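The values are calculated or read from the model by the stated rules, or taken from the named source; none is laboratory data. No experiment lies behind these values; they were computed from the predicted model shown. All Cβ positions, glycine included, derive from the backbone under ideal geometry; neighbour counts span all protein chains shown.
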Amino acid sequence: MFTKTSRKPLALLAAAASVALLATACAESERDPDSESSAPFVFGSAGDITSLDPFLASDGETFRYSRQVYETLLEHESGGSDIVGGLAETWEQSEDGTEWTFNLREGVVFHDGDELTAEVVCANFDRWHNLSGPWQSSNNSYYWQAIFGGFAENEDEGLPDSRYVSCEATDELTAVITITEYSSIFPGGFSLAAFGILSPTSLENIADAEITGE
């Protein structure tokens, strides 16, 4: 069940999902009902997802879905524990571990037609860092707080200082993320499903929903 504090962006995302499902239904209706390909695909899960925005989630069922929809900068090797490239083809850290440079894969396009650039990556991280109000609750930003600490302006004295400093697009496909100090949670932290990168259009729609209250 959605919490009251997490409904505004989810309402918009749910509406977008409904449109996608409607389009799927339309495509399905044009198929030959007697063909084997028209048989529905049934997948059993332990429960419902809690959010269409992976950043707001902290449960495995949601991440099972989001891993099939969103990609992160880094990933874990399939069947193993090694960190491998995701949206970032290569990456490196500074000697003191406070700067992480991600060289993005070229030619990545979101399903809505937007292109992946370093500015898009930074827009996602800056959005998370600048969240305010109920979004600073651990119910809505658990993994951000676990990996990056607090926010640009903490509204709760119990929140730690932010470990995230900035993200800079040094060129079209190079994003440099700066943190306050070295930590062993990196680079693994960049692979968490909660940090799936959203397209510029999705970010804009979420921002509009938060402003209008839809």
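Filtered by the rule that a residue be buried (at least 20 other Cβ atoms within 10 Å of the Cβ) and either farther than 28 Å from V108 by Cβ or out of contact with any Leu (no Cβ under 8 Å at 6 or more places or on another chain) (or both), the range 164-185 gives Y164, C167, I177, I179. Against the definition (within 16 Å of D171 (Cα to Cα), out of contact with any Asp or Glu (no Cβ under 6 Å at 6 or more places or on another chain) and not β-branched (V, I, T)), how does E75 come out, yes or no? For E75, the condition - within 16 Å of D171 (Cα to Cα), out of contact with any Asp or Glu (no Cβ under 6 Å at 6 or more places or on another chain) and not β-branched (V, I, T) - is not met.
Within the range 125-141, is even one residue among the charged types (D, E, K, R) and either in contact with a Cys (Cβ under 6 Å, 6 or more places away or on another chain) or modelled with pLDDT of 95 or more (or both)?
Step one: of the range 125-141, the residues among the charged types (D, E, K, R) are 126-127.
Next, only the ones that are either in contact with a Cys (Cβ under 6 Å, 6 or more places away or on another chain) or modelled with pLDDT of 95 or more (or both) stay: 126-127.
Yes, the range 125-141 has at least one match.
Filtering the range 89-142 to residues that are of a type in the set (A, V, I, L, M) and free of Cβ contacts under 8 Å to residues at least 40 places away in the same chain leaves V108, V109, L131.
Return yes or no: is E157 at pLDDT below 95 and not aliphatic (A, V, I, L, M)? I'd like the intermediate steps shown before the answer.
Working: at pLDDT below 95: yes; not aliphatic (A, V, I, L, M): yes.
Here the answer is yes, as E157 does meet what is asked.
Among I206, I147, which is touching a helix residue (DSSP H, G or I) at 6+ places or on another chain (Cβ under 8 Å) and within 25 Å of E77 (Cβ to Cβ)?
Details: I206 fails: within 25 Å of E77 (Cβ to Cβ).
Only one candidate passes the filter, namely I147.
Each residue in the range 187-214 was checked for being part of a loop (DSSP other than H, G, I, E, B), modelled with pLDDT under 95 and in contact with an Asp or Glu (Cβ under 8 Å, 6 or more places away or on another chain), and 1 of them qualify.
Screening E106 with (1) assigned to a strand (DSSP E or B); (2) surrounded by fewer than 18 Cβ atoms within 10 Å (Cβ to Cβ) gives one miss only, at (1). Can you confirm whether A175 is assigned to a strand (DSSP E or B), closer than 23 Å to D96 by Cβ and within 17 Å of the chain's Cα centre (by Cα)? Taking the combined requirement at face value, the residue satisfies it. Of the residues making up the range 119-158, those that are surrounded by fewer than 15 Cβ atoms within 10 Å (Cβ to Cβ) and outside any helix (DSSP H, G or I) number 8. Hey, could you check the range 67-93 for residues that are touching a helix residue (DSSP H, G or I) at 6+ places or on another chain (Cβ under 7 Å) and assigned to a strand (DSSP E or B) and say which is nearest to F190 (Cα to Cα)? The selected residue is L74. Tallying residues that are of a type in the set (S, T, N, Q) and within 15 Å of the chain's Cα centre (by Cα) within the range 92-116 yields 0.
Looking only at residues that are part of a helix (DSSP H, G or I) and not hydrophobic (A, V, I, L, M, F, W, C) in the range 38-66, which one is modelled with the lowest pLDDT? Can you show your working first?
Applying the first criterion (part of a helix (DSSP H, G or I)) to the range 38-66 yields 38, 54-56, 60-66.
Still in the list and also not hydrophobic (A, V, I, L, M, F, W, C): 38, 54, 60-62, 64-66.
Numbers: S38: 63, P54: 90, G60: 80, E61: 84, T62: 73, R64: 82, Y65: 81, S66: 75.
Step by step, filter the range 38-66, then rank; the result is S38.
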